[in-house]
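Single-structure report; data block below.
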Amino acid sequence: MNHFDIKTHIYFGEKSLDRLSDIPYKKALIISDPYVVKSGMVHLVTSRLQQANIEFEIFDDVIPDPPIEKISLGVAAVLSSKADVLIAIGGGSAIDSAKAIREVASKADSSYPRPALIAIPTTSGTGSEVTSFSVISDTENHAKIPLADDSLLPDEAILDAELVKSVPPKITADTGMDVFTHALESYVSTSNNEFSAALAEKAIEITGSFLLRSYLDNNDTHARQKMHVASCLAGLAFNTASLGINHSMAHQLGATFHIPHGRANAMLLPHIIEYNSDINKYSRLKTDYPKHVRKYATVARTLGLQNFNIVTTIRALSNWCQFMMKEMDMPLSISETGVCTESEYFAQIPTMAKAALADKCTATNPRVPTIQEIEMIYTQLW
């Protein structure tokens, strides 16, 4: 028996931040990164809390790829404040940190009532505001630790385009391709269902129409709000259906070379589409294709990429990913990023491949990979 739940209450559209004036809590701990505070963006939250006479403190020691050490500091801040609601404002790192902090804090002190969690994303990409996942880093072992449990789900999510107007084009590109990867991987996942598919299809449709617009014009509020919603839809989709080796492999690129997650996903995506589809010179001779291959073709058609046959249609999808990356000035390979030398990269491939194979996302990939195949994809990515 399957089930589908949306446990997070979602507020979206114009002035959705006004929800903060109505929340039924007495004290809040705001969890964010230093930029959100220094830029003044945090005032969009604190001003509404002040209007509602809600006390608040701010913990802004969040950094990208949140390490265990920073989570510990956040737990100490929560236990000290005794807040009855945590408000995470920021990108995936801030929201993932808040999830892990709440989880650990509620277990560290049994006398402390578990606080509520409100997630307010400032980027349109991770979908973390509606997922039961949190990824933290073990810096000592250069590994990412994915946490997964329904208890991690935020109680509320607020999607307000006001918070993403100032996002730089480079981050818009990275996070936008992350949305597309979430939607596509959940759509072909072995755990997909009709509900996750509907959410993924809509996220793909929106991304195809609005990502470039959002990238090209910060002031295109309509496009920015659409991508904010697409990110949430894709998050809901993969929260139910999970993901695949695109994410498994991207996690290792982030942990080893600190490549931004969405960028790593985007670089891998054309290679993963072709690997999962098993496209080769004999493909046109096939009379039938696996379900996930036909679904890739459906995605291509959703993007307006209908071609002569299923093989050329899927190749068109792979080419579309690269086209989008070129239009948004994104690197297509590791060598283009400049993060490491060729010898440094290839020395890490065996370790990254082993970790990717063990990653939880690999279990729902539509094609079962071997460690040699993952190494091959990493090699092609250089």
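The overall shape of region 227-280, judged from the alpha-carbon gyration tensor, is oblate: a/c is not under 1.5, and a/b is no greater than b/c. The rule of thumb for compact globular proteins, 2.2 N^0.38 Å, goes into the C-alpha radius of gyration of region 1-42 1.66 times.
Rounded to the nearest 20 debye, the dipole size of region 202-321 about its Cα centre is 280 debye, using +1 on the Cβ of Lys and Arg and -1 on the Cβ of Asp and Glu. Helix 92-108 axis versus longest C-alpha principal axis of the chain: approximately 60°, rounded to the nearest ten. The residue list 305, 86, 231 was ranked by how far each Cα lies along the charge dipole of the chain toward its positive end, using unit charges on Cβ atoms, and 305 comes out on top. Quick one: helix 291-302 against the long Cα principal axis of the chain, what's the angle to the nearest 10°, folded into 0 to 90? Once rounded, the angle reads 80 degrees. Candidate cross-link partners of residue 202 among the lysines, defined by an alpha-carbon separation under 22 Å and a same-chain spacing of 8 or more, comprise 7, 226, 291, 295. Over region 38-187, what percent of the accessible surface lies on carbon and sulfur atoms, probe 1.4 Å? Using a 1.4 Å probe with all protein chains present, region 38-187 comes out at 54 percent carbon and sulfur. Working from the Cα coordinates of region 11-148, the gyration tensor eigenvalues give, after taking √(5λ), semi-axes of 23, 18, 13 Å in decreasing order. Dimensions of region 88-175 along the principal axes, based on C-alpha atoms and rounded to the nearest Å, stand at 44, 33, 17, largest first. Dividing the convex hull volume of the alpha carbon atoms of region 129-194 by its residue count gives 161 Å³ per residue.
Note on the chain: with charges restricted to the Cβ of Lys and Arg (+1) and Asp and Glu (-1), its dipole about the Cα centre is near 840 debye. The equivalent ellipsoid that matches the C-alpha gyration tensor of the chain spans semi-axes of 35, 22, 19 angstrom, in descending order. The residue among 28, 42, 3 whose Cα reaches farthest toward the positive pole of the charge dipole of region 1-45, with charges on the beta-carbon of Lys, Arg, Asp and Glu, is 28. If Lys and Arg each add +1 and Asp and Glu each add -1, what is the summed charge of the other residues whose beta carbon sits under 12 Å from the beta carbon of residue 366? Summing Lys and Arg as +1 and Asp and Glu as -1 gives +2. For the chain, a Gaussian network of Cα nodes joined below 10 Å ranks 198, 297, 255 by mean-square fluctuation, and the top entry is 198.
Report the antiparallel proportion of the DSSP beta bridges in the chain as a percent, rounded to a multiple of 5. So the antiparallel bridges amount to about 20 percent of the total. Label separation (residue 373 vs residue 39): 4.0 nm, computed from points 7 Å beyond Cα along the C-beta direction.
Dipole check for region 96-221: with +1 at the C-beta of Lys and Arg, -1 at the C-beta of Asp and Glu, and the Cα centre as origin, the magnitude is about 140 Debye. Count Lys and Arg as plus one, Asp and Glu as minus one, and take only other residues whose Cβ is under 14 Å from that of residue 66; the net charge is then -4. When you restrict to C-alpha pairs under 8 Å that are six or more residues apart and normalise by the size of the chain, the relative contact order lands at 15 percent. Model label points for residue 149 and residue 194, set 7 angstrom from Cα along the Cα-to-Cβ axis, are 3.3 nm apart. Each 5 Å bin from zero up to the one holding the largest Cα-Cα distance in region 22-99 carries the following percent of pairs: 3, 17, 29, 25, 19, 6, 2. Relative to the first principal axis of the alpha-carbon coordinates of the chain, what is the inclination of helix 169-188, with its axis defined by its Cα atoms, in degrees from 0 to 90 and to the nearest 10? The two axes meet at around 70 degrees. Comparing 235, 125, 208 in a Gaussian network model of the chain, where Cα atoms under 10 Å apart are tied by springs, the biggest mean-square fluctuation is seen for 208. Pick from 362, 131, 337: which residue has the top mean-square fluctuation in a GNM of the chain where Cα pairs under 10 Å get a spring? Per the Cα network of the chain with a 10 Å cutoff, 337 tops the list. Divide the volume of the convex hull around the Cα atoms of region 254-382 by the residue count and you get 118 Å³ per residue. Counted by Cβ distance under 14 Å from residue 13, the other residues give a net charge of 0, where Lys and Arg count +1 and Asp and Glu count -1.
Once the Cα-Cα distance is subtracted from the 0.36 nm per residue extended length, the residue 26 to residue 329 segment shows a gain of 104.5 nm. Global dimensions of region 159-282 from alpha-carbon coordinates: Rg and Dmax equal 14.6, 50 Å. Here region 1-79 and region 88-149 have alpha carbon centers that stand 11 Å from each other. Restricting the calculation to Cα atoms, region 302-350 shows an Rg/Rh of 1.18 when the hydrodynamic-style radius is the Kirkwood one.
The values are calculated or read from the model by the stated rules, or taken from the named source; none is laboratory data. The shown structure was predicted, so the numbers you read here are calculated from the model rather than taken from an experiment. As a convention, Cβ positions derive from the backbone with ideal geometry for all residues, glycine included, and neighbour counts pool all protein chains shown. Just the protein is used for accessible areas: all its heavy atoms, side chains included, with ligands, DNA and RNA removed. Shrake-Rupley method; radii C 1.70, N 1.55, O 1.52, S 1.80 Å.
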